[in-house]
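The values are calculated or read from the model by the stated rules, or taken from the named source; none is laboratory data. Keep in mind that this is a model prediction, so the values were computed, not measured. In this analysis, Cβ positions are derived from the backbone assuming ideal geometry, glycine residues included, and neighbour counts consider all displayed protein chains.
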Amino acid sequence: MWIPVLAYHRVSNEIMRSSPRLCVGTRKFENQMRFLHEHGFRSVSLPEVVEAIIGVRQLPERAVAITFDDGYRDTYTAALPILRKYGFGATVFLVTSLIGRTNEWDQRSLAVRPVPLLSQAEIREMARCGIVFGSHSRTHARLLLSSQGELDDEIVGSKRDLEDLLQSEVNFFCYPYFLADEGVLRAVRAAGYVAACGGDDRPNSPYYVNRLMLSHDDGLTMRIKLFGWYHRLGLYRPYRQIRNRVAPRGRFVTTSMKLLTVSLAGDEWF
């Protein structure tokens, strides 16, 4: 069963030049949520998605799960009001050692200016609104390059950080840069997470829930992603091939690469 799980980062009219596809304009994001609402999509939770993956739950025909990585403040100021307007829930994955600070990992790898992240008060308020939180590691580390001790700190430590903040169990992890090997997957399972989210480059499973990255997609291109044609046509494969070549060397492949952009009916999509 095809289950679209959408992956967002920033919702802001201030586009990050070094990685523009990590940022969706506020009006564009509202158009996308309106599209989902008008076409009968129903918001489901990640636990429901995982149960469907393992075959113990049947989801509605037009189910969709929405996720946000990194925990930028505009998830609270821009995305949350739109989600509530259209009746959608979401899961937000936080970099726990940087809560209330800025995106230091982007400043190191992409040389971008600081962007504020969610504060503890904003996280608690979002939780009261029904938003679910998961871990995105402690420092947004490249886990493939981490020692066992570093893995424990990033994966176990971030779970503990978030549970202390929320005073509730944290069951979901999200791999920084969408990168994980079998050792990382084992570490996530051993830490007690129920499931984890990645990108769209390996078979769907509880510890690598596939997600679709939406940026400026709407209309025809959004339909292609939502209804599964993106995967049926194998349009993720060029990204997978390039990323698999460079990931072991620790370099980050941004989805804004022109090489990976396909044009269809006037829209760019990835």
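Taken together, the residues in the stretch 140-149 that are at positive phi and either among the aliphatic types (A, V, I, L, M) or part of a strand (DSSP E or B) (or both) amount to 0.
Yes or no, residue by residue, for (1) out of contact with any helix residue (DSSP H, G or I) (no Cβ under 9 Å at 6 or more places or on another chain); (2) in contact (Cβ under 8 Å) with a residue 40 or more places away in the chain; (3) in a helix (DSSP H, G or I):
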residue: Glu61; (1), (2), (3): yes, no, no
residue: Thr75; (1), (2), (3): no, yes, yes
residue: Gly89; (1), (2), (3): no, yes, no
residue: Arg108; (1), (2), (3): yes, no, yes
residue: Phe133; (1), (2), (3): no, yes, no
residue: Arg138; (1), (2), (3): no, yes, no
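Would the stretch 72-85 turn up any residue that is under 26 Å from Tyr193 (Cα atoms) and polar (S, T, N, Q)? Yes, the conditions are met somewhere in the stretch 72-85. Kindly establish whether Arg10 is surrounded by fewer than 16 Cβ atoms within 10 Å (Cβ to Cβ) and either at pLDDT 95 or above or of a type in the set (Lys, Arg) (or both). Judged against the criteria, Arg10 is not a match.
Can you tell me which residue within the stretch 201-234, out of those that are under 25 Å from His136 (Cβ atoms) and small (Gly, Ala, Ser), is modelled with the lowest pLDDT? Top of the filtered list is Ser215. Only a single criterion out of (1) surrounded by fewer than 21 Cβ atoms within 10 Å (Cβ to Cβ); (2) under 24 Å from Val64 (Cβ atoms) is not satisfied by Met126, namely (1). Consider the stretch 157-188 and keep the residues that are out of contact with any Pro (no Cβ under 8 Å at 6 or more places or on another chain) and part of a loop (DSSP other than H, G, I, E, B). The one that is farthest from Tyr208 (Cα to Cα) is Gln167. Only a single item in (1) touching a residue at least 24 places away in the same chain (Cβ under 8 Å); (2) over 22 Å from Tyr208 (Cα atoms) is not met by Gly40, and it is number (1). Could you list, in sequence order, all residues of the stretch 166-225 that are touching a Cys at 6+ places or on another chain (Cβ under 9 Å) and among the small types (Gly, Ala, Ser)? Across the stretch 166-225, the qualifying residues are Ala196, Gly198, Ser215. Residue-level analysis places Ala187 outside the set of residues that are at pLDDT 85 or above, under 23 Å from Ile123 (Cα atoms) and among the hydrophobic types (A, V, I, L, M, F, W, C). Output the residue which, of all residues in the stretch 20-48 that are touching a Lys or Arg at 6+ places or on another chain (Cβ under 9 Å), surrounded by fewer than 20 Cβ atoms within 10 Å (Cβ to Cβ) and not in a helix (DSSP H, G or I), is modelled with the lowest pLDDT. Filtering the stretch 20-48 for residues that are touching a Lys or Arg at 6+ places or on another chain (Cβ under 9 Å), surrounded by fewer than 20 Cβ atoms within 10 Å (Cβ to Cβ) and not in a helix (DSSP H, G or I), the one modelled with the lowest pLDDT comes out as His39. Of all residues in the stretch 110-130, exactly one satisfies the criterion of being out of contact with any helix residue (DSSP H, G or I) (no Cβ under 7 Å at 6 or more places or on another chain), among the small types (Gly, Ala, Ser) and not in a loop (DSSP other than H, G, I, E, B), namely Ala121.
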